[in-house]
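A.B. asks: Quick one: the structure is below, questions incoming.
Just so it is clear, none of the values below were taken in a lab; they were calculated from the coordinates. Since this is a predicted model, take the numbers as computed values, not measurements. Every residue, glycine as well, gets a Cβ built from its backbone with ideal geometry; the counts of neighbours run over all protein chains shown.
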Amino acid sequence: MSQIEDLNGVAIGISRDSIASHKKFIDKYNLPFVLLSDSDEVVCNLYGVLKEKNMYGKKVMGIERSTFIINENGTIKKIFKKVKVDGHVDEVIKEL
């Protein structure tokens, strides 16, 4: 986080999970950034991250883990789709 902040970046996580579940997740993993709850899927739909997935042979709607780099004017400068956690922070820092 300090490297991202040094580059004038801010990290925010968003998912459909509840505020209470986010609190537990933040506490469990000692996360240094904010997690926002989008239980009504407004943000998910605006950013187009809800995708049909197969889960145990059933088709379900789920979130495609994505990262958006947005500049100070609100313009999306870079989109990372199908994000894998390992090494992703380095990709973001490089892009910033």
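A.B. asks: Taking the Cα centre of the chain as origin, sum charge times position over the Cβ atoms of Lys and Arg (+1) and Asp and Glu (-1), and report the length of that vector in debye to the nearest 20.
C.D. replies: 520 debye
A.B. asks: Restricting to DSSP H runs of at least four residues, report the calculated mean residue ellipticity at 222 nm for the chain, -39500 (n - 2.57) per run over all residues, nearest 500 deg cm²/dmol.
C.D. replies: -8000 deg cm²/dmol
A.B. asks: Given a cut-off of 16 Å, what percent of all Cα-Cα pairs of the chain lie beyond it?
C.D. replies: The answer is 64 percent, as a whole percent.
A.B. asks: Helix 19-29 versus the longest principal axis of the chain: what is the Cα-based angle in degrees, 0 to 90, to the nearest 10?
C.D. replies: Long axis of 19-29 versus the principal axis of the chain: about 60 degrees.
A.B. asks: Moving on. Compute for the range 1-57: radius of gyration divided by Kirkwood radius, i.e. Rg/Rh, restricted to C-alpha atoms, rounded to two decimals.
C.D. replies: Rounded to two decimals, Rg/Rh equals 1.06.
A.B. asks: Averaging over all projection directions, find the projected area of the Cα convex hull of the range 39-91 and quote it in nm² with one decimal place.
C.D. replies: Taking the Cα atoms of the range 39-91, their convex hull projects to 5.0 nm² on average.
A.B. asks: Percent antiparallel among DSSP beta bridges with both residues in the chain, to the nearest 5?
C.D. replies: In the chain, DSSP labels about 70 percent of beta bridges as antiparallel.
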